[in-house]
Amino acid sequence: MRFDILTLFPDMFTGPLTESILKRAQQAGVIEIALHNIRDFAPDRHRTTDDAPYGGGAGMVMKPVPLAASIGHVLAQYTTPPPVLLLSPDGQQFTQAHAAQLAQLPALVLVCGHYEGVDERVRETLISHELSIGDYVLTGGELAAMVVVDAVARLVAGVLDAASIHEESHTDGLLEYPHYTRPAVWEGQAVPPILLSGHHGEVAIWRRQQRLLRTLQRRPDMLTHAAAAGLLTPADRAFLATHGWPTPPAAAPAAPEPSL
């Protein structure tokens with residue numbers, strides 16, 4: 001899978017996208033990440049990419065000419081143009097479901113907004129979707145683009161062992177179970193005996209119950225969605241009931257899957 005990232009600050013990506021799993025995935029040829037400096041497409045000698053907003057107001061706005069030219073340059077390299085996503089606080093909130101959808105694509109273009117945003121005409125004509133990584137405002141879309149690339153890339157076939165992401169938080173509507181490693185006793189705290197028993201079936205039950213309990217304690221809203229989507233078994237519901245979970249009505253409507 002290829003990621004084309006359009007940014008005013010390409011040096012920000014050195015480090016986050018060139019270490020650890022993403023580094024190995026690029027070296028193996030499983031993913032490709034290309035950075036494009038929007039300033040290179042500015043027509044004036046000062047490489048100006050922003051200007052004051054019409055109508056007045058604080059801040060600056062990204063100009064349409066260099067931004068549109070940079071998007072056009074990237075799209076011209078494809079026979080079938082990939083989606084163009086703008087990272088913006090106005091966008092749809094990015095979720096694990098979105099990451100899984102995007103990981104199935106051969107390519108993706110990410111546009112990093114900056115300043116007060118981008119000229120609305122570019123948003124209306126060249127942007128396929130807008131994504132936000134949370135209900136807060138960053139100085140630019142670069143950090144958000146890094147988050148999206150990391151979340152999507154790790155789901156691309158061949159980047160990670162498929163078994164390692166099967167029970168991760170948010171993959172199937174629940175949070176992940178707690179993990180332990182050596183030593184078996186650390187500062188007086190022992191690893192749960194079930195994990196040392198060698199009974200794989202009982203370990204699997206314990207881990208499922210821990211996922212349910214952790215989700216109930218930390219994100220009860222996720223349990224409501226999981227129940228509505230039919231992701232909870234009768235055994236799950238019975239276990240949760242013993243911990244005070246108010247079982248939602250059987251007729252609760254299923255939560256719609258996020259879609260781009």
Sorted by Cβ neighbour density within 10 Å, fewest at the top, the residues ASP4, ASP150: ASP150, ASP4
Under a 5 Å amide H to amide H cut-off, with H placed in plane at 1.01 Å, what residues pair with ALA107 once short-range neighbours are removed? ARG2
Suppose only helical runs count, i.e. DSSP H with n ≥ 4. What mean residue ellipticity at 222 nm does that imply for the chain under -39500 (n - 2.57) per run, divided by all residues and rounded to the nearest 500 deg cm²/dmol? -9500 deg cm²/dmol
Estimated distance in nm for a label pair at SER197 and GLN27, the labels positioned 7 Å out from Cα along Cα-to-Cβ: 4.1
Report the FRET efficiency, 1/(1 + (r/R0)^6), for THR125 and LEU260, where r is their Cβ-Cβ distance and R0 is 25 Å, rounded to 0.05. 0.85
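Every number in this text was worked out from the coordinates using simple rules, so none of it is lab data. Please read these numbers as outputs of a predicted model, since none were measured by experiment. In this analysis, Cβ positions are derived from the backbone assuming ideal geometry, glycine residues included, and neighbour counts consider all displayed protein chains.
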